[in-house]
Amino acid sequence: MLTAEETQDKDRPLRETVRDTLRTRIFEGHYAPGTRLVERDLAAEFSVSRLPVREALRMLRQEGLISDRGARGAEVSSLSPKDVEDLFDVRQSLEVLACRLAARRATKQDLAYLKGLLDDAEAFLAKGSVMEAHRSNSEFHDAITGIADNNFLKSALEPLQGRMHWLFRHVSDLPELIREHRELYSAIASGDPDKAAVQSASHIGKYRDQFPEDFQKTEPEFHRKRK
């Protein structure tokens, strides 16, 4: 839960702190699809005015993590099998480009940061910190977008990333996911844009083929375990 110390962090706008906390709750299953998010109640819980909560909810709408339901207000979004397919359609086009550009533009510092995220994911997994391992894997993909250094590409990916990160929290074989991320890292580190593009397409395609069925089976159980 958001703490008093976090709300008093002078280095970040309150709206971002509230947004990040709500996003984490959605990712980690504390808010299941269909859960109502009431601005007034959240403001009271976080001990902030309603303005930063309103802004945080607006940002989460842009990410597709919450939806407006008329008189019901905002609620956590759900994904149908077609939504999953459509999401992979767009992601496969955009993220392959991001990896191609990252292979061309990554510095030694960029590569060290990517490798560090994968090392963190493995370390968290070894300690049984599954959600932290998922978080490091999500940050790995976000970092690739940053390294690609294309503002138009970043703007196109941003509305999808929240939903993709949430979706990939349902992946049960984390060691395999981390292994694939290491292969993607190696392709980017090679400096060969074509190799990075092929590896990215293979990585996304693998999960595209298995996700619609797996997601429908694991999503209800995922949330039941966290209630």
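The values are calculated or read from the model by the stated rules, or taken from the named source; none is laboratory data. Computed from a predicted structure; not experimentally measured. We place every Cβ from the backbone using ideal geometry, glycine too, and count neighbours over all the protein chains shown. When the accessible area is computed, the model is the full protein with side chains, heavy atoms only, and any ligands, DNA or RNA have been set aside. Shrake-Rupley method; radii C 1.70, N 1.55, O 1.52, S 1.80 Å.
I'd like the distance between the alpha-carbon centres of the range 81-158 and the range 28-43, rounded to an integer number of Å. Going from one Cα centre to the other spans 27 Å.
Candidates LEU94, LEU79, THR107 compared by Cα position along the dipole of the chain: farthest toward the positive end lies LEU79, with charges placed on Cβ.
Which entries in the list LYS108/LYS206; LYS154/LYS206; LYS82/LYS195; LYS82/LYS206; LYS115/LYS206 go over 27 Å, if you measure between the two C-alpha atoms of each? Table pairs above 27 Å Cα-Cα are LYS108/LYS206; LYS82/LYS195. For the options ARG40, ARG169, ARG72, a Gaussian network treatment of the chain with springs between C-alpha atoms closer than 10 Å singles out ARG72 as fluctuating the most. Between the listed residues TRP166, ALA196, TYR31, the Cα displaced farthest toward the positive end of the dipole of the chain, a dipole computed from Cβ unit charges relative to the Cα centre, is found at TYR31.
In deg cm²/dmol and to the nearest 500, what is the mean residue ellipticity at 222 nm of the chain if only DSSP H runs of at least 4 residues count, each as -39500 (n - 2.57), divided by the residue total? That calculation yields -25000 deg cm²/dmol at 222 nm. Averaged per residue, the chain has 51 square angstrom of accessible surface, using a 1.4 angstrom probe with ligands and nucleic acids left out. With each label modelled as a point 7 angstrom along the Cα→C-beta vector, the ALA112-ASP41 pair spans 4.7 nm. On a 0 to 90° scale, report how tilted helix 130-148 is relative to the longest principal axis of the chain, with both axes built from alpha carbons and the result rounded to the nearest 10. Around 60 degrees separate the two axes. Here the range 14-76 is assigned +1 on the Cβ of each Lys and Arg and -1 on the Cβ of each Asp and Glu. Its dipole about the Cα centre then comes out at about 200 debye.
For the chain, the longest principal axis of the alpha carbon atoms and the long axis of helix 81-105 meet at an angle near 50°. On a 0 to 90° scale, report how tilted helix 174-189 is relative to the longest principal axis of the chain, with both axes built from alpha carbons and the result rounded to the nearest 10. The helix 174-189 is inclined about 50 degrees to the chain.
The C-alpha radius of gyration of the range 34-107, expressed as a fraction of 2.2 N^0.38 Å, stands at 1.53. When all protein chains stay in place and ligands, DNA and RNA are ignored, the 1.4 Å accessible-area order of ASP194, ASP20, largest first, is ASP194, ASP20.
Normalised by residue count, the chain yields a Cα convex hull volume of 133 Å³ per residue. Along the axis of the charge dipole computed for the range 14-76 (Cβ charges of +1 for Lys and Arg, -1 for Asp and Glu, origin at the Cα centre), the listed residues MET59, GLY70, THR21 are led at the positive end by GLY70.
Residues ARG91, ARG182, ARG15 ordered from highest to lowest accessible area at a 1.4 Å probe: ARG15, ARG182, ARG91.
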